[in-house]
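Participant: First, the structure itself, so that you have it in front of you.
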Amino acid sequence: MRFHSFAIAALVAISEATTPDVLHRNKARQNATTASERLGLEWLGGNSSLPKVLILFTGGTISGGSIYGALDDTQYGQLSITGETIISRNPYLLNHTQLAVSNWTTDGNGSTGTNDALVMNMTRFAHDALCSPDSDIDGAVFTHGTNSLEETAFLMDLLVNCGKPVVGAGAMRPWTHLSFDGDANFFDSVMLAASPESRNRGALVAFNARILSAFWVTKLHSTNPDAFWSTAGGDLGIFINSLPVFFNSPSQSLWKHEFSIAHVSNHSTYPALPKVDILYAAREFDGKLVLDTRANGADGVVIAGTGNGGIPNGSAQIKEALDSGLQIVVGTRSPYGPSSPSVKPSYAKSGFLHVIQARIMLQLAIASGMGMNETIGLFEGRFRTAIGQEWTPGR
């Protein structure tokens with residue numbers, strides 16, 4: 001693996017030969033006065049007065065190329081470029097910012113699209129870099145494959161909450177394509193992370209010249225460059241001349257819960273998150289699938305229900321699963337609209353959260369020690385207050 005984490009950094013320091021260069025670097029980190037020095041970040045750009053933006057590089061289509069020519073945008077991946085190469089492709093970046101690259105790519109051990117532990121380690125690293133008392137960093141950008149960019153963006157939105165922007169960047173076309181969108185998306189993301197106007201808005205996604213909230217963002221098109229949209233809340237702004245223009249003053253979702261990264265990291269699944277599966281409901285839905293997730297080690301399950309969070313069949317099996325300790329959240333398979341609270345709930349309804357985001361929220365709830373009733377309150381509390389449908393466990 002080639003990714004940074006505190007434990008791995010320590011192991012590397014121990015295993016490296018004690019050359020003068022290594023001893024000098026270790027001593028410099030021990031005497032560090034800033035997060036940049038302590039984390040060993042090397043800044044590109046000669047103007048120390050410019051904003052510092054940390055690049056968390058995980059690869060993705062933005063770094064992928066094709067051997068099949070400039071028209072291929074489906075079979076790529078045989079070629080790759082580094083974060084430093086992406087920066088070098090746009091000479092304007094270092095006229096506006098200082099950039100440091102932290103690599104989170106892996107060799108044969110999964111990616112940010114498949115590995116919760118890797119994403120959590122990167123999120124902890126970002127939290128330390130941005131939110132520690134010695135932080136000298138203004139914001140961060142993480143590159144990501146678009147298939148699961150929304151998952152990492154949502155996770156960071158709930159865990160990195162010190163006001164500094166974290167921005168997701170990606171591409172729908174490989175860098176070998178004749179109309180590669182990655183360079184523009186990356187530049188916009190860096191400008192967004194560097195902008196003081198981005199503060200206190202939570203995590204963000206910059207895609208196709210649009211500014212989106214990480215809390216609401218989802219991928220609605222599998223191949224189009226304008227792939228990402230908001231399931232609720234709308235766009236936060238746009239890019240004009242590759243600079244961010246916001247529509248409103250800073251605010252965040254009323255539905256958002258800020259979790260303690262330290263508390264979540266104390267869970268037994270560390271460095272990963274509790275296992276939560278997703279099931280898709282349709283006519284003849286088999287409730288035994290819920291029990292199967294429990295038997296397979298799941299702590300929770302999110303069901304993409306029909307319509308306003310309906311489940312066609314399986315109520316007996318769902319009750320059995322709940323009695324066994326499985327936590328259940330039911331959303332809607334519809335791309336827009338809520339899964340509304342039940343009058344007397346036995347499991348949580350996801351409200352306006354997409355099932356992908358609901359899975360991450362449930363993982364964090366379980367890792368934070370919440371039981372089913374607390375999880376119901378987490379997902380439904382503000383919704384119930386808004387519609388005058390208060391609920392107290394046991395009544």
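Participant: Testing Leu99 on (1) assigned to a helix (DSSP H, G or I); (2) under 24 Å from the mean Cα position of the chain (by Cα), one condition comes back false. Which one is that?
Facilitator: (1)
Participant: Can you name every residue in segment 154-193 that is in a helix (DSSP H, G or I) and either of a type in the set (Phe, Trp, Tyr) or touching a Cys at 6+ places or on another chain (Cβ under 9 Å) (or both)? Steps first, answer last, please.
Facilitator: Going through segment 154-193, the residues in a helix (DSSP H, G or I) turn out to be 154-159, 182-193.
Hits for segment 154-193 are Phe154, Phe186, Phe187.
Participant: Using the structure shown, decide if Gln98 is polar (S, T, N, Q), surrounded by 15 or more Cβ atoms within 10 Å (Cβ to Cβ) and in contact with a Phe, Trp or Tyr (Cβ under 8 Å, 6 or more places away or on another chain). Before you say what the answer is, go through the steps one by one.
Facilitator: Values: polar (S, T, N, Q): yes; surrounded by 15 or more Cβ atoms within 10 Å (Cβ to Cβ): yes; in contact with a Phe, Trp or Tyr (Cβ under 8 Å, 6 or more places away or on another chain): yes.
When the stated conditions are applied, Gln98 passes them.
Participant: Checking Leu212 against (1) assigned to a loop (DSSP other than H, G, I, E, B); (2) of a type in the set (A, V, I, L, M); (3) within 17 Å of the chain's Cα centre (by Cα), which single condition isn't satisfied?
Facilitator: Here Leu212 clears every test but (1).
Participant: Which of (1) closer than 25 Å to Phe228 by Cβ; (2) outside any helix (DSSP H, G or I); (3) modelled with pLDDT of 95 or more; (4) under 22 Å from the mean Cα position of the chain (by Cα) is the odd one out, the single condition Pro335 does not satisfy?
Facilitator: Unmet for Pro335, out of (1) closer than 25 Å to Phe228 by Cβ; (2) outside any helix (DSSP H, G or I); (3) modelled with pLDDT of 95 or more; (4) under 22 Å from the mean Cα position of the chain (by Cα): (3).
Participant: Another one. Just one of the numbered conditions (1) at pLDDT below 95; (2) on the phi < 0 side of the Ramachandran plot is not true of Lys219; which one?
Facilitator: Condition (1) is where Lys219 drops out.
Participant: Could you pull out the residue among Ser268, Ser260 that is surrounded by fewer than 17 Cβ atoms within 10 Å (Cβ to Cβ) and either among the charged types (D, E, K, R) or free of Cβ contacts under 8 Å to residues at least 60 places away in the same chain (or both)? Step through it out loud before you land on a result.
Facilitator: Details: Ser260 fails: either among the charged types (D, E, K, R) or free of Cβ contacts under 8 Å to residues at least 60 places away in the same chain (or both).
Exactly one residue qualifies, and that residue is Ser268.
Participant: Yes or no: segment 188-205 includes at least one residue that is among the charged types (D, E, K, R) and surrounded by fewer than 18 Cβ atoms within 10 Å (Cβ to Cβ). Quick ask: steps written out before the conclusion?
Facilitator: First pass over segment 188-205, keeping only residues among the charged types (D, E, K, R): 188, 197, 199, 201.
Filter once more, keeping what is surrounded by fewer than 18 Cβ atoms within 10 Å (Cβ to Cβ): 197, 199.
Among the residues of segment 188-205, at least one is among the charged types (D, E, K, R) and surrounded by fewer than 18 Cβ atoms within 10 Å (Cβ to Cβ), which makes the answer yes.
Participant: Suppose we filter segment 46-79 for residues that are assigned to a strand (DSSP E or B) and either at pLDDT below 95 or surrounded by 15 or more Cβ atoms within 10 Å (Cβ to Cβ) (or both); how many remain? Walk me through it before giving the result.
Facilitator: Within segment 46-79, the subset assigned to a strand (DSSP E or B) is 52-57, 64-65, 79.
Retained after the next criterion (residues that are either at pLDDT below 95 or surrounded by 15 or more Cβ atoms within 10 Å (Cβ to Cβ) (or both)): 52-57, 64-65.
Matching residues across segment 46-79 total 8.
Participant: Here's a follow-up. What tally of residues in segment 302-331 results from selecting those that are polar (S, T, N, Q) and either over 28 Å from the mean Cα position of the chain (by Cα) or within 15 Å of Trp255 (Cβ to Cβ) (or both)? Walk me through how you get there before you give the answer.
Facilitator: First, the residues of segment 302-331 that are polar (S, T, N, Q): 306, 308, 313, 315, 317, 324, 327.
Within this subset, residues satisfying the condition of being either over 28 Å from the mean Cα position of the chain (by Cα) or within 15 Å of Trp255 (Cβ to Cβ) (or both) are 313, 315, 317, 324.
Result for segment 302-331: 4.
Participant: Those residues that are in a loop (DSSP other than H, G, I, E, B) and out of contact with any strand residue (DSSP E or B) (no Cβ under 9 Å at 6 or more places or on another chain), I need them from segment 194-209; list them, please. Break it down stepwise before answering.
Facilitator: Taking segment 194-209 as the starting set, the residues that turn out to be in a loop (DSSP other than H, G, I, E, B) are 195, 199-203, 208-209.
Across segment 194-209, the qualifying residue is only Asn200.
Participant: If I ask for residues that are within 30 Å of Gly371 (Cβ to Cβ) and assigned to a strand (DSSP E or B), which ones from segment 238-286 would you list? Before you say what the answer is, go through the steps one by one.
Facilitator: We begin by selecting, within segment 238-286, every residue within 30 Å of Gly371 (Cβ to Cβ); these are 252-282, 285-286.
Within segment 238-286, Val276, Asp277, Ile278, Leu279, Tyr280 meet the criteria.
Participant: Then there is this: Across segment 140-173, what is the total count of residues that are crowded, with 24+ Cβ neighbours inside 10 Å and of a type in the set (Asp, Glu)?
Facilitator: Looking only at that region, the number is 2.
Participant: Output the residues belonging to segment 110-140 that are more than 12 Å from Cys162 (Cα to Cα), in contact (Cβ under 8 Å) with a residue 40 or more places away in the chain and part of a helix (DSSP H, G or I).
Facilitator: Asp116, Ala117, Leu118, Met120, Asn121, Met122, Thr123, Arg124, Phe125
Participant: Output yes when any residue across segment 110-117 is surrounded by fewer than 15 Cβ atoms within 10 Å (Cβ to Cβ) and touching a Leu at 6+ places or on another chain (Cβ under 7 Å), and no when none is.
Facilitator: Within segment 110-117, one or more residues are surrounded by fewer than 15 Cβ atoms within 10 Å (Cβ to Cβ) and touching a Leu at 6+ places or on another chain (Cβ under 7 Å).
Participant: Given the criteria surrounded by fewer than 20 Cβ atoms within 10 Å (Cβ to Cβ), of a type in the set (Phe, Trp, Tyr) and either in the same structural domain as Leu56 (by TED's automatic domain parsing) or modelled with pLDDT of 95 or more (or both), does Phe246 qualify? Reasoning before the result, please.
Facilitator: Values: surrounded by fewer than 20 Cβ atoms within 10 Å (Cβ to Cβ): yes; of a type in the set (Phe, Trp, Tyr): yes; either in the same structural domain as Leu56 (by TED's automatic domain parsing) or modelled with pLDDT of 95 or more (or both): yes.
Yes; evaluated as a whole, the condition is true for this residue.
The values are calculated or read from the model by the stated rules, or taken from the named source; none is laboratory data. Model, not experiment: these values are computed from the prediction. As a convention, Cβ positions derive from the backbone with ideal geometry for all residues, glycine included, and neighbour counts pool all protein chains shown.
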